[in-house]
Amino acid sequence: MKILAIDKVMPEATPDKVKDTFMKEVNHTVKMYLADVVREMYFRQDRSGTVLVLEAPTIEDARSLIDKMPMVQAGLIDFDLIPLGPFVPLALLLDEDTPTQ
C-alpha cells in the first residue's frame, strides 16, 4: 500500500533540539529508503518540513515505521498518514465493452 506521510512540527521542536537529532533522522530515513520503505522524499516549499511516500502493507505498519524515526521518538515531529490507491473514477471513462485487466 502506498502511504503519503506529511510531517507536523510539534511545539517542542526548538532549533537546538532539531539540530541535535537531525543527523540521526537523516541516517534513519536513508536506511528506510534503502529498505524500499520510503519510495519518495520531498522538502516542502510552503514551510520547513518533509513529505514522504511510503510503501507498507497497512496503515498500522506505516505508523509503526514512522514511530521509530528519531525526531518522532523525540517528540519533535509527527506525521499525518494518508493511504493512497488507484484513481478509481477513471473507470467511468472506459467503454463498458472494453475488457479490463
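The values are calculated or read from the model by the stated rules, or taken from the named source; none is laboratory data. Quantities reported herein were computed from a predicted structural model and do not represent experimental measurements. Every residue, glycine as well, gets a Cβ built from its backbone with ideal geometry; the counts of neighbours run over all protein chains shown. Surface accessibility is based on the protein's heavy atoms, side chains included, excluding ligands, DNA and RNA. Shrake-Rupley method; radii C 1.70, N 1.55, O 1.52, S 1.80 Å.
Residue-by-condition table, conditions (1) more than 20 Å from Lys2 (Cβ to Cβ); (2) open to solvent by 50 Å² or more (accessible area, probe 1.4 Å); (3) not acidic (Asp, Glu); (4) not in a helix (DSSP H, G or I):
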site: Lys17; (1), (2), (3), (4): yes, yes, yes, no
site: Glu25; (1), (2), (3), (4): yes, no, no, no
site: Tyr33; (1), (2), (3), (4): no, yes, yes, no
site: Gln45; (1), (2), (3), (4): yes, yes, yes, yes
site: Ser48; (1), (2), (3), (4): yes, yes, yes, yes
site: Leu54; (1), (2), (3), (4): no, no, yes, yes
site: Ala62; (1), (2), (3), (4): no, no, yes, no
site: Pro89; (1), (2), (3), (4): no, yes, yes, no
Q.
Between a residue in the stretch 27-46 that is in contact (Cβ under 8 Å) with a residue 24 or more places away in the chain and any residue that is loosely packed, with under 11 Cβ neighbours inside 10 Å and aromatic (Phe, Trp, Tyr), which pairs come within a Cβ distance under 6 Å, given they are 6 or more apart or on different chains?
A. none
**Q.** Residues (under 18 Å from Met1 (Cα atoms), open to solvent by 30 Å² or more (accessible area, probe 1.4 Å) and among the aliphatic types (A, V, I, L, M)) located in the stretch 64-80
**A.** Leu65
Q) Hey, Arg63 hits all of (1) more than 17 Å from Glu12 (Cβ to Cβ); (2) in contact (Cβ under 8 Å) with a residue 24 or more places away in the chain; (3) touching a Phe, Trp or Tyr at 6+ places or on another chain (Cβ under 9 Å) but one; which does it fall short on? A) (2)
